[in-house]
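Report on the following structure.
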Amino acid sequence: MKIIPRFVAVLPPALAFALGVISAPVAEAAEKQLHKVQDTVLYDGPRFYSAFPSVVRRPDGEILVAFRRAPDRKSLGEKTNNHVDPNSYLVAMRSRDGAKTWSPTPELLYAHPLGGSQDPCLLQLTDGDLLCLSYLWTFVRPDGIPNLKPPVFQNYPGSFFSGGYIVRSSDGGASWKGPFSPLAIPQEKYLSPFGDPLPAYNRGAAIEGRDGRLFWAVAANHQISPRRTSVHLLTSSDRGQTWTYSAPIAEDAKASFNETSMYETPKGDLLAFLRTEDLGDQACIARSTDGGKTFQPWQPMGFKGHPLHALRLPDNRVLLTYGYRHKPYGIRARVLNAECTDFATAPEMVLRDDGGTTDLGYPWSAMIDDNRVIVVYYFNRENGRRHIAASILELR
């Protein structure tokens, strides 16, 4: 068989950026480049504040998006919206035609009986089950607040953190069982408003590893004054029924880490993509080369943005997406090599730069098919209503 050599034209990084193309290192043959095809609005409810989505592709090809929806308090005459609300519920939308059309209205995924839910983080298991990992704010009237057992964490007057919970579906999200409370890790200093240790919690992607274990990075308030949060790894060997503490991922005396997404490389390294506080919004990474028993020291990746989500592309490269809460506000991305070692040099792509304020972001992505990706996030234009939007990308 005669092999015909292929000649590859390589764009300079600045030109690739201007054209909206993510370039990747050139091997023996040309790698497909990722192009943005379109932006679209998935849901924009006129009386709702919608935010913090996640997305998975079901085994039958259906695209499932979950997000947190609460009343738009401004439409009720209030001064502002908050990221916690007593009427915040988890809802979902579906596309059965490759993200071309969506459910006409969101369906209720879960409404917790004890408070407002936050950030539904979907995990599609290889056996077909779905997990949704979320966390809870419980609202206490003024006469009850002095009677709470300290220490408790109050977001704004009357809203107290109650920690994480999990719901599970075995029928594609038509029904959900739970809530199930994960373990409380000893590093967490706060109690729930009910006086119990806080169940583990996080916003970010948990993963199912190639050995069948689940890996979940959870946050902990390990210091109260000044408040500092750290990130720790939990594992599950029974598909999320029970969890075991594995190792600290990132902790620092002067900075905080939270909202972390996990990723497993083809070689088997576990990566934690970390949101930071008090580091100038620096995106950070921590790596484990021993299956999550230990993590190497965290390190900055050389760019700003949060939180981050990692998606494996068909050629084993990794699409890393993140919100950008600096002018111009929007959504950005990079394509990393298979082992994610080139994070400092991988070119950045601007998916959106037309956001109205910093109140946007939290991207999460999934493959639509072998050549297309959907990146979902919440967004606002000119400080308008917060809504769920998406960018469709194509490999070609």
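The values are calculated or read from the model by the stated rules, or taken from the named source; none is laboratory data. What you are looking at is a predicted structure, and each value in this text was computed from that prediction instead of being measured. Here Cβ is always computed from backbone atoms with ideal geometry, including for glycine, and neighbour counts include all displayed protein chains.
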Inset, instruction - Restrict the check to region 345-353 and report whether at least one residue is under 29 Å from Arg213 (Cβ atoms), at pLDDT 95 or above and either of a type in the set (Val, Ile, Thr) or buried (at least 20 other Cβ atoms within 10 Å of the Cβ) (or both). - result: yes
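Taking the options Arg58, Arg47, name whichever one is modelled with pLDDT of 95 or more and over 21 Å from the mean Cα position of the chain (by Cα).
On the way: Arg58 fails: over 21 Å from the mean Cα position of the chain (by Cα).
That would be Arg47, the only listed residue that is modelled with pLDDT of 95 or more and over 21 Å from the mean Cα position of the chain (by Cα).
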Legend entry - Residue in region 198-236 that is farthest from Val56 (Cα to Cα), counting only those that are among the charged types (D, E, K, R) and touching a strand residue (DSSP E or B) at 6+ places or on another chain (Cβ under 8 Å): Arg227
Inset, instruction - Would you please list the contacts, defined by Cβ atoms under 9 Å and residues six or more apart or on different chains, that run from a residue in region 367-382 that is among the basic types (Lys, Arg) to a residue that is part of a strand (DSSP E or B)? - result: Arg372/Val37; Arg372/Ile392; Arg372/Leu393; Arg372/Glu394; Arg372/Leu395; Arg381/His387
Inset, instruction - Could you please give the count of residues in region 204-236 that are closer than 13 Å to Gly292 by Cα and of a type in the set (Ser, Thr, Tyr)? - result: 2
Legend entry - Matching residues, region 187-198, being outside any strand (DSSP E or B) and without any contact (Cβ under 8 Å) to a residue 40 or more places away in the chain: Glu188, Lys189, Tyr190, Asp196, Leu198
Legend entry - Residue that is nearest to the chain's Cα centre (by Cα) [pool: residues in region 118-161 that are over 14 Å from Arg203 (Cα atoms) and of a type in the set (Gly, Ala, Ser)]: Gly128
Inset, instruction - With respect to Val218, determine if the residue is surrounded by 17 or more Cβ atoms within 10 Å (Cβ to Cβ) and in contact with a Cys (Cβ under 6 Å, 6 or more places away or on another chain). - result: no
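Give the residue that is nearest to Arg372 (Cα to Cα), with candidates limited to residues of region 307-316 that are of a type outside the set (A, V, I, L, M, F, W, C) and crowded, with 22+ Cβ neighbours inside 10 Å. Show your work before the answer.
Here is the first cut: in region 307-316, the residues of a type outside the set (A, V, I, L, M, F, W, C) are 307, 309, 312, 314-316.
Okay, now just the ones that are also crowded, with 22+ Cβ neighbours inside 10 Å, so 307, 309.
On the way: Pro307: 22, His309: 17 Å.
Going through the qualifying residues, I end up with His309.
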Legend entry - The lone exception for Asn221 - which of (1) of a type in the set (S, T, N, Q); (2) within 25 Å of Leu114 (Cβ to Cβ); (3) in a loop (DSSP other than H, G, I, E, B) it fails: (3)
Inset, instruction - Any chance you could count how many residues in region 156-200 are within 28 Å of Asn81 (Cβ to Cβ) and touching an Asp or Glu at 6+ places or on another chain (Cβ under 7 Å)? - result: 1
Inset, instruction - Identify the residue in region 61-81 that is in contact (Cβ under 8 Å) with a residue 40 or more places away in the chain and among the acidic types (Asp, Glu) and, among all such residues, is nearest to Leu42 (Cα to Cα). - result: Glu62
Legend entry - Options Pro297, Pro307: the member that is under 23 Å from Glu188 (Cα atoms) and touching a Lys or Arg at 6+ places or on another chain (Cβ under 7 Å): Pro307
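To keep it simple, each residue is scored yes or no on (1) closer than 22 Å to Asp119 by Cβ; (2) basic (Lys, Arg).
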| position | (1), (2) |
| --- | --- |
| Arg275 | yes, yes |
| Leu279 | yes, no |
| Pro297 | no, no |
| Gly330 | yes, no |
| Ala333 | yes, no |
| Thr341 | no, no |
Inset, instruction - Please specify each residue of region 365-396 satisfying the condition of being of a type in the set (A, V, I, L, M) and either modelled with pLDDT under 95 or in a loop (DSSP other than H, G, I, E, B) (or both). - result: Ile368
Legend entry - Count of region 282-299 residues which are touching a strand residue (DSSP E or B) at 6+ places or on another chain (Cβ under 6 Å) and buried (at least 16 other Cβ atoms within 10 Å of the Cβ): 10
Inset, instruction - Would you mind telling me which numbered condition in (1) surrounded by 20 or more Cβ atoms within 10 Å (Cβ to Cβ); (2) more than 20 Å from the chain's Cα centre (by Cα); (3) basic (Lys, Arg) Arg203 fails? - result: (2)
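Check Ile185, Ile285, Ile249, Ile207 and return the single one that is β-branched (Val, Ile, Thr), over 30 Å from Asn316 (Cβ atoms) and modelled with pLDDT of 95 or more. Walk me through it before giving the result.
Details: Ile285 fails: over 30 Å from Asn316 (Cβ atoms); Ile249 fails: over 30 Å from Asn316 (Cβ atoms); Ile207 fails: over 30 Å from Asn316 (Cβ atoms).
Of the residues listed, the single one that is β-branched (Val, Ile, Thr), over 30 Å from Asn316 (Cβ atoms) and modelled with pLDDT of 95 or more is Ile185.
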